[in-house]
Amino acid sequence: MSAHQDHGLRPSIPSPLTEIEDARFTRHGLRLLLKRDDLIHEALPGNKWRKLAPNLTASAGRTLVTFGGAYSNHLRAAAAAGRLLGFPTVGVVRGHELSEKPLNGSLAQCAADGMRLHFVDRSTYRQVADPLVLDQVLTDAALTGPVHIVPEGGSNALGVTGCLALGAELRGRADVIGVACGTGGTLAGLAAGLAPGQRAIGVAVLRGGFLYSEVARLQREAFGGPRGEWLVQDGFHCGGFARSTPELEAFAADFEDRHGLPVERLYVAKMLLALTTLAERGTFRPGVRIAAVITGRREP
């Protein structure tokens, strides 16, 4: 039985692949397609469902403990999964100071879906990969029973294998595939699922230049070594995660006007800006089919 059947989440897969006309691509002889992973599931869109599904199977009803920041889409997806499937979730949130403030809309939704929030200081959060630090966090959160740990963004070996199908769905249908990258798991799995000759471009939405080594590490853990052709594009983070610029905002608003697609700002806008800029620079040879993976939706 497949993960999505077992879970009863009824995702809509494969997600649609739609070609759109955009002069910034067509004048260079390029075709632009949108891989609408945002339409997979209302509460667990895009790569969130793909990475969580195998982890939900592995959790086998245990409390799912996962990690994220104040505006984490991953935390929201994990909380929604817990509500839909009836198992407990705990979100370890970066920023102890947030515990003293009213919850923002994102964290409030997590709580409404039944997720118990546990806030930790930023120094501790950076060290949760250390087993001793993690044990202390679990103790402080009064978690003594069996748990299933899912790292930030759902990016572990299970999450990476869940993204293999995304690459497989694009086999033979595009030459270059662009995807936004926060933790690297989607890129690692997507690239591994592609056919020879296809190339994945991960657009980093955070500063730091760490994603190349992280994607390589995730592929080693999931597959035993490198898989597929991929690269990380670091030049479009617009100042870092959840940061923006007037250029990015103007671009996203214009894309919405041109194509009637609400553009999610934290990830998708930066990926679309990167692909459009690279197309205008002549990075891609004429005739190339470029698929942009729409991993999330803009909130109303």
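The values are calculated or read from the model by the stated rules, or taken from the named source; none is laboratory data. Because the structure is predicted, anything quoted here is derived from the model rather than measured. For the accessible areas, the whole protein counts, side chains as well, though only heavy atoms, and no ligand, DNA or RNA atoms are used. Shrake-Rupley method; radii C 1.70, N 1.55, O 1.52, S 1.80 Å.
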Post the alpha-carbon centroid distance, region 65-104 to region 228-286, in whole angstrom.
-> 27
Quick one: pull the percent of accessible area on the chain belonging to carbon and sulfur, 1.4 Å probe, ligands and nucleic acids left out.
-> 52
Using DSSP, restrict attention to beta bridges with both residues in the chain and report what percent are antiparallel, rounded to the nearest 5.
-> 10
Can you give the accessible area per residue of the chain, in Å², using a 1.4 Å probe?
-> 43
Collect residues whose amide H, placed 1.01 Å from N in the peptide plane, falls under 5 Å from the amide H of ILE40; neighbours closer than 5 in sequence don't count.
-> GLY46
Over the chain, what relative contact order in percent results from Cα pairs under 8 Å that are six or more residues apart?
-> 21
Using only Cα atoms, locate the centre of region 50-64 and the centre of region 179-219, then give the distance between them in Å, rounded to an integer.
-> 22
Cut-off under 5 Å, modelled amide H: who pairs with ALA200 long-range | ILE177, GLU229, TRP230, LEU231
Report, by chain and number, residues whose modeled amide H sits under 5 Å from the one on GLY69, excluding near sequence neighbours (fewer than 5 apart, same chain).
-> ARG94
